[in-house]
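The values are calculated or read from the model by the stated rules, or taken from the named source; none is laboratory data. These numbers were taken from a predicted model, which means no experiment stands behind them. Cβ: placed from backbone, ideal geometry, glycine included. Neighbour counts: every protein chain shown.
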C-alpha cells in the first residue's frame, strides 16, 4: 500500500506549481479521498484474516488448515468461478483463503495507482 501511495502522490504532485499552496492542499485532499476507502477496506480485511490465522494448535486450527488445503486443491483443479459455484456465492467471505475470491484478487492485483493518480491530476487541472 505504501508503494501505491507513493505512485498516486507522485502523479498528483508531478505537475504541481511550486508556488501554489492552494493547489497543494487540493492535491493532498484528493489523495486522501482516493486512497482512504481502499486502505480502510484492506485494513479491515487484514484484521478479519488475522483472527483466522491466529488459532492456537488444536481443533479450530486443524479445521482451518483442512479447509485451506481443500480450497487450494479445488482452485488448482477448476477454472475461476467454479469454486464459487461448488461452494456457494459467499464461501470467500468466511474463508481464511481470501485469495480464493476472484473479485478480491482482482481488487488487490489489478489496482493501477499510476492511472488513478493521472486521472485525479486531470480532474484538478494539473496537466501541462
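Of all residues in the range 24-33, one or more are under 21 Å from residue 107 (Cβ atoms), in a helix (DSSP H, G or I) and without any contact (Cβ under 8 Å) to a residue 60 or more places away in the chain. Taken together, the residues in the range 87-124 that are assigned to a helix (DSSP H, G or I) and either touching a strand residue (DSSP E or B) at 6+ places or on another chain (Cβ under 7 Å) or at pLDDT below 75 (or both) amount to 9.
Exactly one residue out of 127, 79 is over 30 Å from residue 19 (Cβ atoms), over 15 Å from the mean Cα position of the chain (by Cα), modelled with pLDDT under 90 and not in a helix (DSSP H, G or I), and it is 79.
Return yes or no: is residue 40 out of contact with any strand residue (DSSP E or B) (no Cβ under 7 Å at 6 or more places or on another chain), modelled with pLDDT under 90 and surrounded by fewer than 12 Cβ atoms within 10 Å (Cβ to Cβ)? It is false that residue 40 is out of contact with any strand residue (DSSP E or B) (no Cβ under 7 Å at 6 or more places or on another chain), modelled with pLDDT under 90 and surrounded by fewer than 12 Cβ atoms within 10 Å (Cβ to Cβ).
Screening residue 16 on (1) in a helix (DSSP H, G or I); (2) in contact (Cβ under 8 Å) with a residue 12 or more places away in the chain shows it passes everything except condition (1). Based on this model, can you work out whether residue 2 counts as modelled with pLDDT of 85 or more, exposed (fewer than 10 other Cβ atoms within 10 Å of the Cβ) and within 27 Å of residue 103 (Cα to Cα)? Considered against the rule, which asks whether it is modelled with pLDDT of 85 or more, exposed (fewer than 10 other Cβ atoms within 10 Å of the Cβ) and within 27 Å of residue 103 (Cα to Cα), residue 2 comes out as yes.
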